[in-house]
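The structure appears below as structure tokens.
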Amino acid sequence: MERLNLKRKLGDKWISTLASIWIQCTSGSLYTFSIYSPILKSTQRYDQSTLDTVSVFKDIGANCGVLSGLLYTFATPSNLRNAYFGGPCLVLAAGAIQCFVGYFLIWASVVGLIPRPPVVGMCFFVLLAAHAQSFFNTANVVTAVRNFPDYSGTAVGIMKGFVGLSGAILIQFYEAIFHNKPTSYLLILAVLPTINPLLLMWFVRIYDTKEQEEKKLLNAISCVALLVAAYLMAVIIVDHLFTFQLLVRIAIFVVLLLLLSSPLCIVSSLRASEKDSSVTHQSLISEGQRFDQEMEVHDTRDSLEEDNLNLLQAMGSVNFWILFFAMACGMGSGLATVNNLGQIGESLGYSNFETNTLVSLWSIWNFLGRFGAGYVSDHFLYVKGWARPLFMVLTLSSMSVGHAVIAFGMPGALYAGSILVGVCYGSQWSLMPTIASEIFGVRHMGTIFNAITIASPVGSYIFSVRVVGFIYDKEAWGSGCSGTHCFMLSFLIMASATLLGSLAALALFFHTKNFYNQVILRRLLHSLRA
């Protein structure tokens, strides 16, 4: 009976992971703002400045997730693990409610079901809809870290990677079902990202079980993620070269659904392998050895609990503010880049086709950074013992190079620079939560990493408004601007800022070096012995 319970828990753990992945696939609706922003602008009679103001509240809502972290921590006491309605489930339900209310009110405003709201009202609707993403992210990312503490980088990379792809996935759904019907798409955004978490949230739970094949199976899911990204990239490129008929778009979406459902085979293989190996594995461990292992795990967990800091304690440490500054430089300059890609391409003489392709492919580079940084940092932490902040140093310094490449505007520079900036920008979204969980502990991880995420809209405002917007307006003189001088100074400033961010990350690396040597590596060695 005990062996059957162990096998069931391991299987459920992977079902929890799969449920989280599928929720992430529909939780990035804010990345599709460009689909419905024209109809929002025309029906509400907004000028471009007002529409940009509404868009800012979208970014604020998505990146201010402290409430989701507090709810997760409050609803997940240690004795609530494996409960059917606990922290992850409650947080996902709260996010689903916000998503439905926010998008439904936007849709109702667009179709005239309710009177046209004032701008501040629409800003609140958009903020509420976007705020739901922080709840989905917190529930799925923190649960993944708790379920896979020895491979937290890979787990976070998978979760963050799929939310990065979710914009492209939702756009494929729109193109297949509601092509050129943005009003209907708004209603779907109120329904689909709401129903999906409500159906799957019962499976997203925290488990204490471990097994020897975790890395192999996480690698298999990672391969599926890469396959989905490659498929979407191919579809995006071909779609910009040819005009797909409706049946072709439907076929493309069906293939996408099959790819997203393929991890079910991985879960099935897990259960099959557990059935074949559980008896042999258990027979090798005597009762005395099992008791010693349980005592060792208990002692290790007790020592690790001492490292769990709450938000106020974390904010009182220098490590928190180093991470905050580095993220403001990296995430802020990355958002400023993607927000201005179209205008940069226009000033450098790129065609609309070329700039639209660059914007569409940004989600792919974003995914590669999110997934790759988590996977690679896990690998080198195990094999070489390299502390994770070192990878933040490398990605931020590489982002600095990407900004400099765009600044000088040589032929092909925007392609190369946007790829480099996009990958390195995505890397921060998997590195930062993982580093926060390791330095400050997992008990209040949701609250702490969401507090650090506030650096993203702060940095975006500084670089987009105070740097790029201000300098462009000076260069344009109200009649447009063409040539490398339009954005050269802005991107040189952002290159300098990300270089400063990499130096801050280097300081974090040296400041936490002993911690990683003594605590993280000890945890990994203990896991390998277990």
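Selection among PHE510, CYS89, GLY157 by position relative to the dipole of the chain gives CYS89 as farthest towards the positive end (Cβ unit charges, Cα centre).
Cβ-Cβ distance of LEU258 and ARG116, R₀ of 56 Å, FRET efficiency by 1/(1 + (r/R0)^6): the value works out to about 0.85. Calculated from the structure at hand, Cα extents along the principal axes in Å is found among [x] 78, 77, 48; [y] 65, 60, 59; [z] 81, 49, 41 as [z]. When the solvent-accessible area of region 420-496 is split by element, carbon and sulfur atoms take up 66 percent of it, the probe being 1.4 Å. Each of the peptides 136-142, 259-265, 34-40 was scored by the mean count of other Cβ atoms within 10 Å over its residues; in descending order, highest first, they stand as 136-142, 34-40, 259-265. At full extension, HIS379 and PHE515 could sit 47.1 nm farther apart than now, given 0.36 nm per residue minus the alpha carbon distance. Protein-only accessible surface at a 1.4 angstrom probe places the residues ASP150, ASP239 in the order ASP239, ASP150, largest first.
Unpaired Cys in the chain, meaning no second Cys C-beta under 4.7 Å: CYS25, CYS64, CYS89, CYS99, CYS123, CYS223, CYS265, CYS329, CYS424. About its Cα centre, the dipole of the chain is roughly 420 debye, where the only charges are +1 on Lys and Arg Cβ and -1 on Asp and Glu Cβ.
Accessible area of LYS474 (1.4 Å probe, protein heavy atoms only, ligands and nucleic acids ignored): about 120 Å². Of interest is the spacing of the C-alpha centroids, which for region 145-165 and region 366-383 amounts to 10 Å. Computed over protein heavy atoms with a 1.4 Å probe, the carbon and sulfur contribution to the accessible area of region 159-259 reaches 75%.
Using 0.36 nm per residue and subtracting the Cα-Cα separation, the extra length available between THR50 and PHE242 on full extension is 65.7 nm. In the context of the full set of protein chains, residues of region 93-175 present 24 Å² of accessible surface per residue (probe radius 1.4 Å, heavy atoms only).
Residue ranges 152-158, 313-319, 215-221 sort as 152-158, 215-221, 313-319 when ordered by packing (mean number of other C-beta atoms within 10 Å per residue, highest first).
The values are calculated or read from the model by the stated rules, or taken from the named source; none is laboratory data. Please read these numbers as outputs of a predicted model, since none were measured by experiment. Positions of Cβ are generated from backbone atoms using ideal geometry, with glycine treated the same way; all protein chains shown enter the neighbour counts. Just so you know, the surface numbers come from the protein's heavy atoms only, side chains and all, with ligands and any DNA or RNA stripped out. Shrake-Rupley method; radii C 1.70, N 1.55, O 1.52, S 1.80 Å.
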